[in-house]
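Read-outs throughout are calculated quantities, based only on the coordinates presented, and are distinct from any laboratory measurement. Small disclaimer: the values here were computed from a predicted structure and weren't measured. Cβ placement follows ideal geometry from the backbone for every residue including glycine, while neighbour counts extend to all protein chains displayed.
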Amino acid sequence: MANRTKRIATMFAAMMVGTSASLAGGPVDDKLVIDGELEINTRVPAPEGHPFDELISGWHYRTPETRDLEADSFQNPGMLYVERGEEIWNTVDGAAGKSCASCHEDAETFLKGLGASYPKWNEEAGKPFNIELQINQCREQNMQAEPYKFDADDQKALTTYIKHQSLGMPMHVDLSEGEMQDWWEKGKELYYTRTGQLNLACATCHENYNGNYIRADHLSQGNVNGFPTYRLKQSAMVSLHNRFRGCIRDTRAAFPPAFSDDLMALEVYVTWRGTGLDIETPAVRQ
Amino acid sequence: MAEPKPRVKVPKKAAAGEVITIKTLISHPMESGQRKDKQGNLIPRQIINKFTCEFNGQVVFSCDMDPAVSANPYMEFSAKVNEPGTFKFTWVDDDGSVYETEKKITVE
């Protein structure tokens with residue numbers, strides 16, 4: 001009798017494992033087509049040396065309602081920031097009396113694909129630059145305007161606008177420029193380093209447990225092709241460094257300042273981890 | 001975000017008697033009046049409390065909104081179009097501001 005009970009218990013446990021796997025919040029089989037026209041590559045084969053075989057956009061881990069919001073550019077609240085960003089692009093600011101458009105006249109051609117290639121090596125600064133840092137450098141040197149403070153509304157809107165011009169184009173970082181390879185190594189080290197009271201590394205959640213639940217939420221691969229992202233939780237755009245800091249805070253660690261060397265290295269590495277995924281900015285997430 | 005900006009999507013033309021889908025969205029923080037700032041003071045409520053859509057002066061859709069509606073409220077509804085005319089959309093803010101926009105439609 002005891003034996004039989006044990007056998008049933010084992011069977012039951014096996015069933016539970018099976019069930020939890022199918023309910024585990026893994027990626028859904030669906031296609032992201034924006035406005036019924038532009039198909040986005042949200043599942044691509046991983047580049048060489050990547051721990052995964054396939055890269056999957058965070059879009060696949062969200063509810064049908066959230067996925068629909070992103071698929072309709074009218075409903076997508078992030079598009080409001082794209083529009084605002086376009087206004088800023090054309091607005092004169094600073095002592096030099098220039099706007100972004102004064103130098104970069106043909107925005108459409110100039111920006112097409114540009115956002116998909118960041119972060120980029122900046123020789124003058126001797127570090128990788130993301131779009132936010134590039135904007136601030138332009139503002140200081142060419143426009144003689146105040147650089148944006150981290151996560152200022154205008155910074156987020158302009159970054160969103162710039163990145164949106166690469167919608168549907170594959171994300172890639174050029175590691176051959178300058179010391180990008182060293183920064184990539186440093187970023188990789190950080191990615192696998194456990195931090196905080198909860199002793200979690202980026203890899204703990206996004207490499208080992210993606211597709212599973214963390215409390216009531218789904219863990220994705222943590223790809224960054226949709227940033228800046230409209231998060232329903234904040235009802236606002238969330239920048240990549242804000243998200244990094246949020247994740248690190250959740251491990252109960254002290255988090256580094258935005259655009260610090262640590263987070264820039266992490267951005268280089270994490271962007272590489274999503275190589276080939278199409279830009280979705282502004283993506284919509286939970 | 002700056003000044004609330006309405007966006008609407010209405011087909012440019014329709015067949016007489018056709019039921020069309022209208023989509024509207026306005027950028028607005030929809031501050032619920034329940035939140036507190038860093039000093040612990042209540043942030044005053046400021047929401048869009050009423051939305052109306054009229055076609056040639058006749059109301060086709062209208063609703064009142066309450067503080068639980070999230071930021072950037074999106075409305076989608078249908079309307080039957082029998083004649084050419086103009087859709088007029090109105091959002092009323094708690095501070096008394098009124099945001100309006102119009103879209104023309106032709107009937108073939």
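Springs between alpha-carbon pairs under 10 angstrom, Gaussian network model over chain A: which of A:41, A:208, A:130 fluctuates most?
Per the Cα network of chain A with a 10 Å cutoff, A:208 tops the list.
Return the equivalent ellipsoid semi-axes of segment A:138-183 as a descending list in whole Å, where each equals the square root of 5 times an eigenvalue of the C-alpha gyration tensor. List each step's numbers first, then the result.
Values: eigenvalues 117, 66, 21 Å².
Rounded to whole Å, the semi-axes are 24, 18, 10.
Rounding to the nearest 20 debye, state how big the charge dipole of the protein assembly as shown is about its Cα centre with +1 on each Lys and Arg Cβ and -1 on each Asp and Glu Cβ.
Here the size comes out at about 1660 debye.
On the principal axes of its Cα set, how long, how wide and how thick is segment A:78-164? Give whole Å, largest value first.
34, 30, 26
In percent, what relative contact order does chain A have, based on Cα pairs under 8 Å that are 6 or more apart in sequence?
RCO, chain A: 26 percent.
Distance from the Cα centre of segment A:75-115 to that of segment A:160-231, in angstrom?
With segment A:75-115 and segment A:160-231 each reduced to a Cα centre, they are spaced 26 Å.
Rule-of-thumb check for segment A:133-286: C-alpha Rg over 2.2 N^0.38 Å?
1.05
Setting aside same-chain residues fewer than 8 positions from residue A:112, which lysines have a Cα under 19 Å from its Cα?
Of all the lysines, those that pass the test against residue A:112 - Cα under 19 Å, at least 8 places apart if same chain - are A:120, A:156, A:163.
Say the cut-off is 22 Å between C-alpha atoms; which of A:233/B:9; A:233/B:88; B:23/B:80 go over it?
A:233/B:9; A:233/B:88
What ranking, highest mean first, results for peptides B:87-98, A:272-283 when packing means the other Cβ atoms within 10 Å averaged over each residue?
Peptide ranking by packing, descending: A:272-283, B:87-98.
Under 25 °C and 0.890 mPa s, how fast does chain B diffuse according to Stokes-Einstein, given a Kirkwood radius computed over C-alpha pairs? Answer in µm²/s, whole number.
In µm²/s, the coefficient rounds to 163.
When A:66, B:21, A:229, A:42 are ordered from fewest to most other Cβ atoms inside 10 Å of their Cβ, what list results?
Ordered from fewest to most neighbouring Cβ atoms within 10 Å, A:66, B:21, A:229, A:42 come out as B:21, A:66, A:42, A:229.
Would you order A:267, A:86, A:146 from fewest to most other beta-carbon atoms within 10 Å of each residue's own beta-carbon?
Going from sparsest to densest Cβ surroundings: A:146, A:86, A:267.
Please name whichever of A:160, A:100, A:125 sits farthest to the positive end of the charge dipole of segment A:78-164, dipole taken about the Cα centre and charges placed at Cβ: Lys and Arg +1, Asp and Glu -1.
Of the options given, the answer is A:125.
Pairing the Cα long axis of helix A:78-89 with the longest principal axis of chain A, what angle in degrees results, from 0 to 90 and rounded to the nearest 10?
Orientation of helix A:78-89: about 20 degrees from the principal axis.
Over chain B, calculate the relative contact order: mean separation of alpha carbon pairs under 8 Å at least 6 apart, over the residue count, as a percent.
Once divided by the residue count of chain B, the mean separation gives 33 percent.
Let me know the mean shielding of A:71-80 by other chains, meaning the per-residue number of their Cβ atoms within 10 Å of its Cβ.
Mean shielding by partner chains, rounded to a whole number: 4.
Let me have the relative contact order for segment A:78-164, percent, based on Cα pairs under 8 Å that are six or more residues apart.
Value for segment A:78-164: 42 percent.
Other chains near B:3-13: what is the mean number of their Cβ atoms within 10 Å of each residue's Cβ? Let's see the in-between values first.
On the way: counts 0, 1, 4, 0, 4, 1, 3, 0, 0, 0, 0.
The shielding value for this peptide is 1.
Against the globular-protein guess of 2.2 N^0.38 Å, express the Cα radius of gyration of the protein assembly as shown as a ratio, rounded to two decimals.
Rounded to two decimals, the normalised Rg is 1.13.
Given H placed 1.01 Å from N in the peptide plane, which residues other than close sequence neighbours of residue A:238 have an amide H under 5 Å from its amide H?
Excluding prolines and chain starts, which carry no amide H, the hits are A:229, A:230, A:231.
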